[in-house]
Amino acid sequence: MPYRIVFTDIDGTLLNVDRELSDFTIREILRIKSQIPVVLISSRMPSGMLHLQKQLGIENQPLICYNGGLVLHNNNILHSTTIPIEDVHKITQQATSINLHLSLYHANEWYVPNNDFWAQREAANTKVTPVVQNLRTTVDTWKREHKGAHKIMCMGDEESVDTMFEYLQQNFENKLHLYRSKTTYIEIASKSISKKTAIQNILSSHYKIDISDALAFGDNYNDIEMIEAVGTGVAVANAKKETLQAAQHITLPAKEDGVAQFIKDHILL
């Protein structure tokens, strides 16, 4: 079938084992980008995506960041949904009480309480350096500036993360997305957003393309709704079992350039 637009997740989907774009992936997206828009969609912050967008030559396309919490185009905000600062404050208090690492994100701001193992690993993965600042200072500043968090990341040993996840479920399950991407990670965002809602909004407002004409690639639980909603949903072979079951097609693993291979095989211009 003809595809009019491509959406692709980044980590575990588009990047290779070195968390880089392969030459093959870059070539294939460069080949189609003038006729078929390619949009990056990720839980990452904007500055963790911009260098990839530039490598792919798609700087003229929107960026869907924070799983749909922030959508940008040419540095202009098309959509923004944050976690209320009152909830951010409660979550930071709980994380501090159990000595759990917490990262607070708003647009291109990323704050951590100290430059520990978790901050360093995330910085290495995303090529973004956080600002080390007391969490209470960050919360107080955002409160004065009328800001919330586009994303909160909890990271730590599995037992501490279990404790935090139970607290979040008891207190915020009806308000927030609580996404456990790994046993040692919890990603937190507003419950009103998702990759699916971001795609729906951007297709109707920016591209005027029907979702049935969209192709999307993903690997994790937060990609399932997106994969099921678009006309053609594709999972890389390394995807979670539930994501594989939701997909219409399964391509090669990310480390074998599955996205690029599918594009090469199915998009003939």
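Residue check: is Ala239 modelled with pLDDT of 95 or more, more than 19 Å from Gln35 (Cα to Cα) and small (Gly, Ala, Ser)? Criteria met by Ala239. Scanning the range 151-192 for residues being in contact with a strand residue (DSSP E or B) (Cβ under 9 Å, 6 or more places away or on another chain), of a type in the set (Val, Ile, Thr) and surrounded by fewer than 20 Cβ atoms within 10 Å (Cβ to Cβ) gives a total of 1. Filtering the range 143-150 for residues that are among the small types (Gly, Ala, Ser), surrounded by 18 or more Cβ atoms within 10 Å (Cβ to Cβ), under 17 Å from the mean Cα position of the chain (by Cα) and not in a loop (DSSP other than H, G, I, E, B) leaves a non-empty set.
Could you say whether any residue in the range 151-159 is in a helix (DSSP H, G or I), at pLDDT below 95 and over 23 Å from Leu14 (Cβ atoms)?
Scanning the range 151-159, I find at least one residue that is in a helix (DSSP H, G or I), at pLDDT below 95 and over 23 Å from Leu14 (Cβ atoms), so the answer is yes.
Of the set (1) touching a Leu at 6+ places or on another chain (Cβ under 9 Å); (2) in a helix (DSSP H, G or I), all apply to Phe7 but (2).
Filtering the range 180-212 to residues that are among the acidic types (Asp, Glu) and within 22 Å of Val88 (Cα to Cα) leaves only Glu187. Of all residues in the range 54-66, those that are closer than 16 Å to His106 by Cβ and assigned by TED's automatic domain parsing to the domain that holds Ile10 have Cβ atoms under 8 Å from Cβ atoms of residues that are of a type in the set (Phe, Trp, Tyr) and outside any loop (DSSP other than H, G, I, E, B), 6 or more apart or on another chain, in Tyr66/Tyr105. Does Asp9 fit the bill of being among the acidic types (Asp, Glu) and surrounded by 20 or more Cβ atoms within 10 Å (Cβ to Cβ)? It is true that Asp9 is among the acidic types (Asp, Glu) and surrounded by 20 or more Cβ atoms within 10 Å (Cβ to Cβ). Just one residue in the set Gln93, Gln55, Gln35 is farther than 30 Å from Pro253 by Cβ and surrounded by fewer than 18 Cβ atoms within 10 Å (Cβ to Cβ); that residue is Gln93.
Considering only residues of the range 205-227 that are assigned to a loop (DSSP other than H, G, I, E, B) and either more than 13 Å from the chain's Cα centre (by Cα) or among the hydrophobic types (A, V, I, L, M, F, W, C) (or both), which is surrounded by the fewest Cβ atoms within 10 Å (Cβ to Cβ)? Spell out the reasoning first.
The first filter runs over the range 205-227 and keeps only residues assigned to a loop (DSSP other than H, G, I, E, B), leaving 208-210, 219-220.
With the extra rule that they be either more than 13 Å from the chain's Cα centre (by Cα) or among the hydrophobic types (A, V, I, L, M, F, W, C) (or both), the set shrinks to 208-210.
Values: Lys208: 8, Ile209: 16, Asp210: 12.
Looking at residues that are assigned to a loop (DSSP other than H, G, I, E, B) and either more than 13 Å from the chain's Cα centre (by Cα) or among the hydrophobic types (A, V, I, L, M, F, W, C) (or both), I get Lys208.
Of all residues in the range 66-84, those satisfying the criterion of being hydrophobic (A, V, I, L, M, F, W, C) and surrounded by fewer than 19 Cβ atoms within 10 Å (Cβ to Cβ) are Ile77, Leu78.
Of the residues in the range 76-98, at least one is among the hydroxyl-bearing types (Ser, Thr, Tyr) and without any contact (Cβ under 8 Å) to a residue 24 or more places away in the chain. For the range 103-119, a tally of residues being of a type in the set (A, V, I, L, M, F, W, C) and modelled with pLDDT of 95 or more returns 4. A count restricted to the range 228-269 and to residues that are polar (S, T, N, Q) and not in a helix (DSSP H, G or I) stands at 4. In this structure, Lys33 does not qualify as among the basic types (Lys, Arg) and free of Cβ contacts under 8 Å to residues at least 24 places away in the same chain. Suppose the filter is surrounded by fewer than 21 Cβ atoms within 10 Å (Cβ to Cβ) and in the same structural domain as Pro46 (by TED's automatic domain parsing); does Thr197 pass it? Judged against the criteria, Thr197 is a match. Taking (1) in contact (Cβ under 8 Å) with a residue 24 or more places away in the chain; (2) part of a loop (DSSP other than H, G, I, E, B) in turn, Leu40 satisfies each apart from (2).
Within the range 242-255, the set of residues being over 19 Å from the mean Cα position of the chain (by Cα) and either free of Cβ contacts under 8 Å to residues at least 12 places away in the same chain or not assigned by TED's automatic domain parsing to the domain that holds Leu30 (or both) comprises Gln245 only.
The values are calculated or read from the model by the stated rules, or taken from the named source; none is laboratory data. What you are looking at is a predicted structure, and each value in this text was computed from that prediction instead of being measured. Virtual Cβ from ideal backbone geometry, glycine too; neighbours counted across all protein chains shown.
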